[in-house]
1. Do you know which residues across segment A:23-44 are part of a loop (DSSP other than H, G, I, E, B) and farther than 14 Å from B:Leu177 by Cβ?
2. I'm trying to understand the selection: among the residues of segment A:19-36, which are at the interface with chain B (Cβ under 10 Å from one of its Cβ atoms), surrounded by fewer than 17 Cβ atoms within 10 Å (Cβ to Cβ) and over 15 Å from B:Gly460 (Cα atoms)?
3. Looking at B:Ala275, B:Ala304, B:Ala331, which is the one that is crowded, with 24+ Cβ neighbours inside 10 Å and under 18 Å from B:Met209 (Cβ atoms)?
4. Looking at this structure, is B:Leu166 more than 23 Å from B:Ala259 (Cβ to Cβ) and without any contact (Cβ under 8 Å) to a residue 40 or more places away in the chain?
5. So which residues in segment B:434-478 are under 29 Å from B:Leu337 (Cα atoms) and of a type in the set (Gly, Ala, Ser)?
6. Go through segment B:180-191 residue by residue and tally those that are surrounded by fewer than 18 Cβ atoms within 10 Å (Cβ to Cβ) and either touching a residue at least 24 places away in the same chain (Cβ under 8 Å) or more than 22 Å from A:Pro30 (Cα to Cα) (or both).
7. From the list B:Leu154, B:Leu166, B:Leu200, which one is more than 24 Å from A:Gly35 (Cα to Cα), in contact with a Leu (Cβ under 9 Å, 6 or more places away or on another chain) and not β-branched (Val, Ile, Thr)?
8. For segment B:119-150, give me each residue that is surrounded by fewer than 24 Cβ atoms within 10 Å (Cβ to Cβ), under 22 Å from B:Asp273 (Cα atoms) and touching a residue at least 60 places away in the same chain (Cβ under 8 Å).
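The values are calculated or read from the model by the stated rules, or taken from the named source; none is laboratory data. From a predicted model like this one, the values you see are computed outputs, not experimental measurements. As a convention, Cβ positions derive from the backbone with ideal geometry for all residues, glycine included, and neighbour counts pool all protein chains shown.
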Amino acid sequence: MRFNDAISGSALLALAIAILLNVRTYPSIPGQSIGPSAFPGLLAALLAVCAVILIYKGLRERIVGVRAWVRPGDWLRSPHHVGNFLLTIGVLLFYILLADKLGFLICGVVLLGVLFWKLRVPPALILPIAIVVTLVIHTIFYKGLRVPLPWGVLTPFAW
Amino acid sequence: MTWAVLSQAFWLVFDPYVLLVILCSALFGLFVGCIPGLTATMATALLVPITFFMPPVPAVAAIVTATAMAIFSGDIPGALLRIPGTPASAAYTDEAYAMTLKGQAETALGAGLVFSAIGGLFGTIVMVLFSPGLAEIALKFSSFEYFWLVVLGLAGAVFIGNASILKASISLILGLLVACIGLENPGAHPRFTFGINELLSGVDLIPMMVGMFAVSELFRYMVDTAPPPRMAAEKIGNVFKGMWGLLTKYRWPLVRGSALGTIIGIQPGSGADMASWMSYAMAKKFSDEPEKFGTGHVEGIVEAGAANNSSLAGAWIPAIVFGIPGDSITAIAIGVLYLKGMNPGPSIFINNPQNIYAIFLVFIIANLIMIPLGWLTIKLATRVLRVPRNILMPVILLFCIVGSFAINNSVFGVIVILAFGLIAFVLEENGFPVAPAILGVVLGKMMEENFVTSLIKSDGDPTVFFTRPIAMWLAIGTFVILLWPVGSWAVRRLGARPA
C-alpha cells in the first residue's frame, strides 16, 4: 500500500514534534551546555524539515493529479493475500502472548501448521512436517545451543 | 606482519571446528542465495543468532563465507528463472536469461561462478594490502576525525544510488533516532523507553536486524501476487567449458569490474547491488560490441559478476579499520563483533592482529571453495529451485522467532522482530530504502559520542571540527558529497539555459 508523500510526511512531522516536546523535559548536565537532549533534538529538527519537504512534494503531485492519496497494492485487492499478511502478524502475536504458557513445542507446531494450511501445503503433510521441523529447531537451540526455550504445559514431560 | 602472528592466524582458521563452520555456512549461503526472495543480507541476519554462540573467528568466518556464496548463487535463478536470487544479480539477470534461452546456460552460470571467485579474491588482496596502512593512519584520529568519518559514511549511504535522496535521508534519521533509545547517552537519562525495562539498554541489534531483513521479506512473500516462475533449462552441461578463453578475452573488463566493485564496497552505504549495476553499465560503455548487450552476451556478466563479489571484501575495509560498515551486511557483522568484544577499529591491528589475519584467510578460503561448491550447486540447481517455498517460508519464520528469543532468552525479542519487520515492510512499500536506516542505527551511538566528546573538549566551540588538518579534509569530503546533487542540478540548469 502506497501512501501519498503528504500523508507519510504528516505522520513523520507529528513524530518529529512529539520527539521535540519529549526531549524538552530531559534534564541538563550541570556546568555543560550539551546534554542528553541535544542529539535527538537535532535529529528531530532535521526530520521535521525533511517531513515538510515531503508534504510539499506530495501535495504538488496530488494537485497535478498524478498520485492518489492512497494507492493500494495488488495484494490488498486479493482477500487471499490480505489473509496471508494478517495471519503472519497473528501467529507472531500468538507466539508472543502464549509461548510461556503453552511452551515452544505446542506454539511451534500450531504456528507452522496454520501457516502451512493457509499457504496450501497438502493436508496430509501439514502435521508431520510441522512436528518434525519444530522438534529439529528445538533440538538445535535447546540441546545444542542451550537456549532455555519454554516448556509451558509440557513441563512435566521435559527432556 | 610477523610470522608468529601469521601462524597464529593460520591455526585459528585451520581448526576442524572453524573449517566445519565455514563448510556449513557455505552450503547455507549457496542455498539462500539460490532461492529468490531470500537475500544475502537475510542470510547474514539468519546466521547471526547462531554465531552469537560462537567464538569471534568462526562467527565472522560464517558471515563472510555465507555472504560470498549467496552473492554468487543469486546468479543461478537469474539465469534459469529470470528472477535474481539476490538484488546484487539483478543488473545482469536479463542478460543471463537470454543466454539460457540461446542454450548457453552453462556459459552464463560458469562465468558467474569463475569471475565471482576471481573478483572476490581481487577484493581480498586489496583489503590485505591496504587495511594495515589505513589502520596506522586511523590511530592518529581523535573524536573530531571520527565524527566526520561517520558523517561521511552516512552521507555516502544517503546520496549514492538512492532514487529519492529525501526518503533516504528520512530513513537515515529514523535509524539514528532508534539508536538514541535507552540509557547510554551523556547524562544517562532514559530516552524514548516508554517505561519498558527491556528498552533501557537500547533496542537489541540482532532481533532488530532479523526483523528488518528476514521478517519483512517474509511479509513480502506472503503478499506476493506474481505467479510461480517457469524453469528455462532442465539440464546444465559443463560450466567450466570455455572459461579460459573468456578469461583471456575479457581480462580488462575483469580487472575493471573487480577494481570498481572494491571501491564501491569501501564507500560506506553502497554494496554489492550498486557495484553490479554500475559495472554492468561500465562494461557496456567500454565494450567493443555494446550492441550485443541485452541479447545474451557474456561480457557484462564477467564484469558485473566480478564486481559484486569484490565489493564484499571492499566493504570490510572501513568496517575493520574504522568500525564504519561499508554496506548492510557489514553493518550486521559489526554488531556481531561488538557483541563478541572484538570491537572493530585501528587498535584491533595492534591488540589482536591474529584475528584480523584470520579474517583475511577466511576470505581467501571462501573464494577458493566457492568454485567446487558452486559447481555442485549449479548441478543441483534445478532441484534446489523446486524446494516448496510455502513450506520453507513458515520454517524461516519459526527460526527467526527462536533466534531472536535466544539473544536475551526473552520473548521481548519476538516483539522486536514483529515491530521492525512491519516498519521495514511499510517503509519499503512507500519507497523508503532500509539500508540507510540500519547504518544509522549502527553508527548512531558512535556519532553522538564523538559529537558530544568533541564539543566538550572544545568547550562548545564548533569551529574545532574544521581546524584540525585531517578533520578539515574529511569535512571537505563530506561537503562535496552533500553538495554534489545541488551542484550538478545547478550545472544542468545553467547548461539548459539558451545561450
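1. Residues satisfying the conditions are A:Thr25, A:Tyr26, A:Pro27, A:Ser28, A:Ile29, A:Pro30, A:Gly31, A:Gln32, A:Ser33, A:Ile34, A:Gly35.
2. Hits for segment A:19-36 are A:Asn22, A:Thr25, A:Pro27.
3. B:Ala331
4. Taking the combined requirement at face value, the residue satisfies it.
5. B:Ala435, B:Ala437, B:Gly440, B:Gly444, B:Ser454, B:Ala471, B:Ala475, B:Gly477
6. Number satisfying all stated conditions: 1.
7. Going through B:Leu154, B:Leu166, B:Leu200 in turn, just one is more than 24 Å from A:Gly35 (Cα to Cα), in contact with a Leu (Cβ under 9 Å, 6 or more places away or on another chain) and not β-branched (Val, Ile, Thr): B:Leu166.
8. Passing the criteria: B:Leu121, B:Val126.
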